[in-house]
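Single-structure report; data block below.
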Amino acid sequence: MAHFEIKDLTFSYPEAGKNALEGVSLAIRQGEYITVCGKSGSGKTTLMRHLKTVLTPHGCRTGEVLFEGRPLGEVSQREQSAKIGYVMQNPDNQIVTDKVWHELAFGLESLGTDQRTMRLRVAEMASYFGIQTWFHKNVTELSGGQKQLLNLASIMAMQPTVLILDEPTSQLDPIAAADFLNTVRKINLELGTTVILSEHRLEEVFPAADRVVVVEGGRIIAVEPPRAIGERLRELKSDMLVSLPSPVQIYYGTGSFLECPLTVREGRNWLSREMADRPLTTVSLPEEEAYREPSKPALELKEVWFRYEKELPDVLKGVSLKVEAASLHGIVGGNGTGKSTMLKSVCGVCKPYRGKVFLEGKRIEKYKAGELFENCLAMLPQDPQSLFVKKTVRADLEEMLSGRGLKKEEREEKIARLAEECAVTELLDAHPYDLSGGEQQRAALAKVLLCDPGILLLDEPTKGIDSFFKEKLARILKRLNRRGVTILMVSHDVEFCARYADAVSMFFDGGVITTNTPRRFFSQNSFYTTAANRMSRHLFPDAVTNEDVIALCRQNSADEDAIALRRQDANDEKMSALHGQNKGDI
Amino acid sequence: MRFDSYHPAINLLFFVAVLAAAVLFDHPVFLLLSYLCPFVYSIGLKGRRALVFHLLLLPLMAAYTLYYAAYNHFGITPLGSNFIGNQITAESIAYGAVRAIKAASVCMWFSCIHAVVSSDKIVYLFGRIAPRLSLYLAILLRLVPRIKTYAAKVHTAQKCIGRGLDSGSILRRCRNFFRIASIIITWTMENLIRTADSMKSRGYGLKKRRAFSIYRFDYRDRSFVLGLSFAFTVVVMGVLLDQTRTLYDPEIIINPITPLSIVFYAAYGAACLMPFFLQLAGEWRFFLSTQSRHL
């Protein structure tokens with residue numbers, strides 16, 4: 001019997017023109033690990049919310065959802081609360097009480113579990129998730145990763161049989177995200193809990209998943225094991241291919257006949273086998289110009305020191321940085337190293353106690369109060385939501401232009417132009433809080449750009465947005481560069497920096513350690529580098545992006561005969577594997 | 001070792017008892033004890049910072065006494081008259097001092113409460129009386145710091161585009177302030193909806209909710225209750241024997257101090273300082289245990 005069975009589910013939100021879900025059917029076995037992926041707005045969340053009655057959205061619905069063979073509506077609230085665990089996107093929103101220990105017990109309290117059992121379960125959960133050390137803390141003291149782990153633990157305390165996670169790591173940094181996803185995998189492996197997870201970052205999830213469900217426009221377009229999903233997507237000519245992990249993308253980019261790799265390790269081995277009988281003629285890309293420090297930087301920091309309070313330690317310890325005009329400069333580095341603080345010191349929110357900041361060759365103190373943020377500098381904060389102060393995106397954009405002595409037509413014209421540029425024209429009349437992460441990011445960018453900044457500071461612009469929005473964002477940024485805007489970006493997203501930045505700096509312990517062009521920068525690193533580089537560095541030391549690796553593979557392609565032979569081999573292998581499987585089934 | 005490791009109900013019992021005593025007792029010796037006990041105990045809890053607080057209280061007490069004596073003119077012992085011709089009497093000064101001391105002791109007891117009783121304990125105690133209310137309290141305790149953090153975040157974001165509370169003209173600043181305030185209200189509403197989802201999803205609203213607590217009532221708590229009730233029984237006997245009765249108006253009449261009354265004073269002092277003594281005893285025991293480990 002299937003654990004969850006969705007039968008021909010169609011759903012539309014009230015007053016929405018089209019169906020949010022259309023004819024969705026899916027059976028999920030007990031103990032399975034299902035990954036749901038799709039662009040934002042494709043209906044992933046709507047689908048997952050249908051798996052728990054209290055979260056099911058209002059609207060028009062046909063079809064049914066069966067839980068353990070019974071219609072979901074007939075399963076009592078009490079049973080659903082305990083057996084179906086649901087983790088949402090924002091770690092902060094889900095925490096109800098002020099103390100970690102209380103939060104852990106919240107679900108058990110609702111179920112009316114007796115004191116003794118509660119104590120045991122809470123102790124068990126705290127030990128399993130490694131929460132003992134912060135058991136007595138206030139939730140405000142926790143990091144984002146800890147908060148999300150707490151949400152998971154407090155749900156696991158009710159001993160659910162199925163765990164539904166809706167983009168649980170979109171607000172976390174990569175290390176915390178990997179940690180969280182490993183815990184989910186551990187739960188799946190050790191307790192046999194069914195996992196249904198939707199995610200943008202597929203690198204960690206892919207190897208763990210039993211099946212991948214791809215949702216597009218409210219329909220399920222593919223349900224396959226991870227190794228086969230790429231093939232299926234290619235048949236469908238779906239653009240979802242670009243959101244698959246690097247090894248998979250490179251595999252399909254080269255048109256190999258071997259088995260599809262999922263992890264960097266597999267990718268490395270696959271590449272070795274793929275290249276085994278080919279003469280490696282070209283192993284590196286055309287030589288790039290070496291990185292030169294700009295002589296006339298648009299933005300310069302000279303040994304900037306900063307601390308938040310007198311007694312606290314220094315956050316910035318002599319940061320020196322030069323950013324070339326009209327370029328995209330990326331800064332990568334771990335959590336809490338002071339990257340965001342550096343951006344704040346550039347825009348004058350944090351005033352350094354030593355060192356100087358120059359904008360266009362002029363010291364920041366020399367700018368008058370109003371001058372700085374008009375036509376000169378603007379910053380997009382990490383949480384784009386915090387930028388919005390009005391009821392609609394349009395009002396928010398108009399607010400930026402008020403008091404500038406512009407005529408109404410001029411204002412409207414300007415807003416329309418920028419909305420077009422940032423691809424938010426259709427969103428102008430929506431409430432900023434109703435937008436998805438990627439949409440918020442673009443609307444916020446539009447708002448910031450209304451300042452006409454010459455220098456744009458971005459704090460984690462790719463956080464929580466999917467690969468399509470990332471590409472869109474990159475295009476916008478590149479266009480700005482061409483118009484002469486200098487962009488300084490702080491990011492955890494190594495792949496994004498490798499692909500689009502003009503220069504990349506490593507930030508560590510309150511200072512910039514090194515700056516170089518992305519290719520030189522990432523090919524020097526062995527940990528802090530892209531997946532493509534990690535899987536191919538033994539053959540192509542300076543290939544950094546997926547495209548680099550694919551291009552090099554093509555350049556070294558073998559002659560026709562060898563390819564034909566290889567195709568034959570691959571087919572034989574597949575056939576024998578198929579036979580083996582059939583035997584196993586019998 | 002400290003009193004905060006005891007069960008919250010014990011904390012509550014103790015502080016209610018000593019606060020009541022501090023407010024009700026007018027007798028000078030009892031008053032002195034009410035003043036000295038929290039004085040010593042809060043220093044034991046907080047060290048030098050408490051002492052600074054106590055010294056700051058002294059001028060306030062003096063000021064209150066003078067204020068009281070300037071506006072109340074009862075009593076039979078005139079000391080002179082002030083510039084508008086009103087009598088200043090010894091009784092009114094004495095009673096003003098009594099009230100000042102009472103207020104100061106209550107303040108000091110509250111500083112002890114602040115050090116001993118955490119928000120957890122208050123939530124727990126509320127939970128025994130009104131479970132739902134205590135949950136709301138916990139939610140509120142979570143919400144307030146969250147709103148503060150978000151407000152700071154919005155302000156920084158606005159500052160970074162030149163729309164903070166510290167840029168532009170006064171009118172502009174006011175506009176910025178109201179803008180930020182209104183969006184924070186919207187944000188709070190929005191988030192409460194999300195939090196409600198998470199609560200419902202974890203079974204909030206089912207019947208038979210039970211409050212979880214991390215506290216246990218053990219032997220140490222029981223013996224503390226026994227000790228405290230014994231001491232306070234003695235004090236209550238003293239009250240019944242008119243030991244605490246004192247008149248200030250129109251004439252100061254104090255119950256004479258007899259050998260028996262010393263027993264009552266001792267009981268009151270012991271009751272008030274019981275947590276302090278236990279703390280000292282605990283520290284001493286810990287000291288001994290570390291000593292023996294080295295041998």
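Quick check: is even one residue across segment A:24-45 within 14 Å of chain B (Cβ to nearest Cβ) and either at pLDDT 90 or above or touching an Asp or Glu at 6+ places or on another chain (Cβ under 7 Å) (or both)?
yes
Is there a residue being within 9 Å of chain B (Cβ to nearest Cβ) and among the basic types (Lys, Arg) anywhere in segment A:110-118?
no
Any residue at all in segment A:476-484 that's farther than 25 Å from residue A:546 by Cβ and either surrounded by fewer than 23 Cβ atoms within 10 Å (Cβ to Cβ) or among the small types (Gly, Ala, Ser) (or both)?
Yes.
Only one of these is within 30 Å of residue A:22 (Cβ to Cβ) and crowded, with 21+ Cβ neighbours inside 10 Å: A:139, A:205. Name it.
Going through A:139, A:205 in turn, the sole match is A:205.
For segment A:231-260, enumerate the residues that are aliphatic (A, V, I, L, M), crowded, with 22+ Cβ neighbours inside 10 Å, touching a residue at least 60 places away in the same chain (Cβ under 8 Å) and closer than 27 Å to residue A:568 by Cβ.
Residue satisfying the conditions is A:250 alone.
Which condition does residue B:131 not pass, out of (1) more than 23 Å from residue A:95 (Cβ to Cβ); (2) facing another protein chain (nearest Cβ under 10 Å); (3) at pLDDT below 80, if it passes all the others?
(1)
Would a scan of segment B:91-114 turn up a residue that is more than 22 Å from residue B:26 (Cβ to Cβ) and surrounded by fewer than 16 Cβ atoms within 10 Å (Cβ to Cβ)?
For segment B:91-114, residues more than 22 Å from residue B:26 (Cβ to Cβ) and surrounded by fewer than 16 Cβ atoms within 10 Å (Cβ to Cβ): present.
Test each condition in (1) within 11 Å of chain B (Cβ to nearest Cβ); (2) over 30 Å from residue A:16 (Cβ atoms); (3) over 30 Å from the mean Cα position of the chain (by Cα) for residue A:69 and report the one that comes out false.
Tallying (1) within 11 Å of chain B (Cβ to nearest Cβ); (2) over 30 Å from residue A:16 (Cβ atoms); (3) over 30 Å from the mean Cα position of the chain (by Cα), residue A:69 fails exactly one: (1).
Can you tell me which residue within segment B:180-194, out of those that are of a type in the set (A, V, I, L, M) and at the interface with chain A (Cβ under 7 Å from one of its Cβ atoms), is farthest from residue A:80 (Cα to Cα)?
B:180
Just for segment A:121-136: of the residues that are assigned to a loop (DSSP other than H, G, I, E, B) and more than 11 Å from every other protein chain (Cβ to nearest Cβ), which one is farthest from residue A:90 (Cα to Cα)?
A:130
Which of the residues belonging to segment B:159-179 are in a helix (DSSP H, G or I), at the interface with another protein chain (Cβ under 7 Å from one of its Cβ atoms) and surrounded by 20 or more Cβ atoms within 10 Å (Cβ to Cβ)?
B:159
Results for (1) over 15 Å from the mean Cα position of the chain (by Cα); (2) among the hydrophobic types (A, V, I, L, M, F, W, C), shown as yes or no for each residue.
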{"residue": "B:26", "(1), (2)": "yes, no"}
{"residue": "B:30", "(1), (2)": "yes, yes"}
{"residue": "B:37", "(1), (2)": "no, yes"}
{"residue": "B:43", "(1), (2)": "no, yes"}
{"residue": "B:55", "(1), (2)": "yes, yes"}
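Look at segment B:195-246 and say how many of its residues are within 14 Å of chain A (Cβ to nearest Cβ) and of a type in the set (Val, Ile, Thr).
Selection size over segment B:195-246: 2.
Out of all the residues in segment B:134-158, which are within 25 Å of residue A:397 (Cα to Cα) and at the interface with another protein chain (Cβ under 9 Å from one of its Cβ atoms)?
Within segment B:134-158, B:149, B:150, B:153, B:154, B:155, B:156, B:157, B:158 qualify.
Please verify whether segment A:372-391 includes one or more residues that are at pLDDT below 85 and aliphatic (A, V, I, L, M).
Checked segment A:372-391: at least one residue is at pLDDT below 85 and aliphatic (A, V, I, L, M).
How many of the residues making up segment A:144-173 are under 30 Å from residue A:438 (Cα atoms), touching a residue at least 40 places away in the same chain (Cβ under 8 Å), more than 10 Å from every other protein chain (Cβ to nearest Cβ) and not in a helix (DSSP H, G or I)?
The total comes to 10.
Here is a list: A:96, A:100. Which entry is of a type in the set (Val, Ile, Thr), more than 7 Å from chain B (Cβ to nearest Cβ) and within 12 Å of residue A:154 (Cβ to Cβ)?
None of the others qualify; the one that does is A:100.
Residue A:465 passes all but one of (1) assigned to a helix (DSSP H, G or I); (2) more than 14 Å from chain B (Cβ to nearest Cβ); which number fails?
(1)
Scan segment A:399-415 and give yes if some residue there is outside any helix (DSSP H, G or I), within 14 Å of chain B (Cβ to nearest Cβ), closer than 24 Å to residue A:39 by Cβ and of a type outside the set (A, V, I, L, M), otherwise no.
No - not one qualifying residue is present in segment A:399-415.
Can you tell me how many residues within segment A:384-398 are surrounded by 20 or more Cβ atoms within 10 Å (Cβ to Cβ) and within 11 Å of chain B (Cβ to nearest Cβ)?
7
The values are calculated or read from the model by the stated rules, or taken from the named source; none is laboratory data. Here the structure is a predicted model, which is why all the values come from computation and not from measurement. Positions of Cβ are backbone-derived with ideal geometry, glycine not excepted, and every protein chain shown enters the neighbour counts.
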